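Q: Just dropping this structure here.
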Amino acid sequence: MTAKVIKGKEVAQELRAALKEEVAQLKTKGIVPGLTVILVGENPASQSYVKAKAKACEEIGVASEIIKRDVTITEEELLNEIHHLNGNPSVHGILIQLPLPKHIDEKAVLNAVSPKKDVDGFHPVSVGNMVIGDECYLPCTPHGIVELIKRSGEEISGKHAVVIGRSNIVGKPVSMLLLQESATVTIAHSRTKDLSALTKQADILVSAVGQPRLIKADDIKPGAIVIDVGNTMENGKLVGDVDYEAALEVAGYITPVPGGVGPMTITMLLKNTVDAAKTINSVKE
């Protein structure tokens, strides 16, 4: 058996092409979807991420603004900035680039973003709505993961999904989304005993721990859908949680690193921004 590779880069390109058309239609109604990113400090990784988001916005016609603030900004000043953006009708999505300086309460800042403009899906209201299945902007990476699983063409309902990782950014939300797709979900983590015994039962295996080659071929159920969210730099090369080459011979479907989950994250951010523009302007489907 050789696994079919789920190429996130190709899926992302398809979705962006559709979003580009959607944005063009909104512009005929005088609506230009707008995303504002707040970047505090000079973190090189953060600067790179923000630049990639701005480029993606430009690609599909979304208006992009980057607000750069010095690392010395006070929490009060940052909260005032967010309050201003919440009330700006031309801004449909607000994203706070993390991490923030240590003197700023990250939770307070994220909570200050209006749920109507929370295109990252991190606000407690958004998270709560996601858990109970109400309408909200889904967190971008988990949403992208579920989309990739669906692209395999395999049914999610009734399958056993094992998620390795319990972070608020990936592990917990992707578990909730898979549960809503009627999968039976097991969440594993650093304290889980006999991890391999669990992974071997997984029809769908999602690993999001950042531990290179944690998942060996022997840990995978033959024919399983394997989604690798890991992205660790090792000897100048980006590697995932899964021993990719070996896993190709066992899995039914697998995502590569790079080129798998990564490209989907910004794409789902774009989707949330376009959806926010439609919701805020009461545009019907």
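The values are calculated or read from the model by the stated rules, or taken from the named source; none is laboratory data. Remember, it's a predicted structure, so these values are computed and weren't measured experimentally. Every residue, glycine among them, receives a Cβ derived from its backbone with ideal geometry; neighbour counts consider all protein chains shown. Side chains are part of the model used for accessible areas, which takes the heavy atoms of the whole protein and leaves out ligands, DNA and RNA. Shrake-Rupley method; radii C 1.70, N 1.55, O 1.52, S 1.80 Å.
Q: State whether one or more residues within the range 241-256 are more than 23 Å from Glu154 (Cα to Cα) and out of contact with any Lys or Arg (no Cβ under 8 Å at 6 or more places or on another chain).
A: Looking through the range 241-256, none of the residues is more than 23 Å from Glu154 (Cα to Cα) and out of contact with any Lys or Arg (no Cβ under 8 Å at 6 or more places or on another chain).
Q: Within the range 175-183, is even one residue more than 15 Å from the chain's Cα centre (by Cα), touching a residue at least 12 places away in the same chain (Cβ under 8 Å) and farther than 25 Å from Glu14 by Cα?
A: Within the range 175-183, one or more residues are more than 15 Å from the chain's Cα centre (by Cα), touching a residue at least 12 places away in the same chain (Cβ under 8 Å) and farther than 25 Å from Glu14 by Cα.
Q: Go over the candidates Ile187, Ile156, Ile164 one by one and state the one that is open to solvent by 40 Å² or more (accessible area, probe 1.4 Å), hydrophobic (A, V, I, L, M, F, W, C) and out of contact with any Leu (no Cβ under 6 Å at 6 or more places or on another chain).
A: Step by step, each of Ile187, Ile156, Ile164 is checked, and only Ile187 is open to solvent by 40 Å² or more (accessible area, probe 1.4 Å), hydrophobic (A, V, I, L, M, F, W, C) and out of contact with any Leu (no Cβ under 6 Å at 6 or more places or on another chain).
Q: Quick test for you: out of Ser48, Ser64, pick the one residue that is surrounded by 14 or more Cβ atoms within 10 Å (Cβ to Cβ) and either of a type in the set (S, T, N, Q) or in a strand (DSSP E or B) (or both).
A: Being surrounded by 14 or more Cβ atoms within 10 Å (Cβ to Cβ) and either of a type in the set (S, T, N, Q) or in a strand (DSSP E or B) (or both) holds for just one of Ser48, Ser64, which is Ser64.
Q: Then there's this: Mind checking which residues of the range 220-246 are surrounded by 17 or more Cβ atoms within 10 Å (Cβ to Cβ), in a loop (DSSP other than H, G, I, E, B) and at pLDDT 95 or above?
A: Ile220, Lys221, Ala224, Val229, Gly230, Gly240, Asp241, Asp243
Q: While we're on this one: When the residues of the range 247-271 are filtered to those that are touching a strand residue (DSSP E or B) at 6+ places or on another chain (Cβ under 9 Å) and assigned to a helix (DSSP H, G or I), which remaining residue is most open to solvent (accessible area, probe 1.4 Å)?
A: The qualifying residue most open to solvent (accessible area, probe 1.4 Å) is Gly262.
Q: Still on this structure, I have one more. Pick from the range 1-45 the residues that are part of a strand (DSSP E or B) and more than 20 Å from the chain's Cα centre (by Cα): which of them is surrounded by the most Cβ atoms within 10 Å (Cβ to Cβ)? Break it down stepwise before answering.
A: Of the residues in the range 1-45, the ones part of a strand (DSSP E or B) are 4-5, 34-40.
Now drop any that are not more than 20 Å from the chain's Cα centre (by Cα), which leaves 4, 40.
Numbers: Lys4: 14, Val40: 23.
Out of the qualifying residues, it is Val40.
Q: Would you mind stating whether Leu110 is under 21 Å from Ile169 (Cβ atoms) and free of Cβ contacts under 8 Å to residues at least 24 places away in the same chain?
A: It is true that Leu110 is under 21 Å from Ile169 (Cβ atoms) and free of Cβ contacts under 8 Å to residues at least 24 places away in the same chain.
Q: Does the range 85-105 contain at least one residue that is touching a Leu at 6+ places or on another chain (Cβ under 8 Å) and in a helix (DSSP H, G or I)?
A: no
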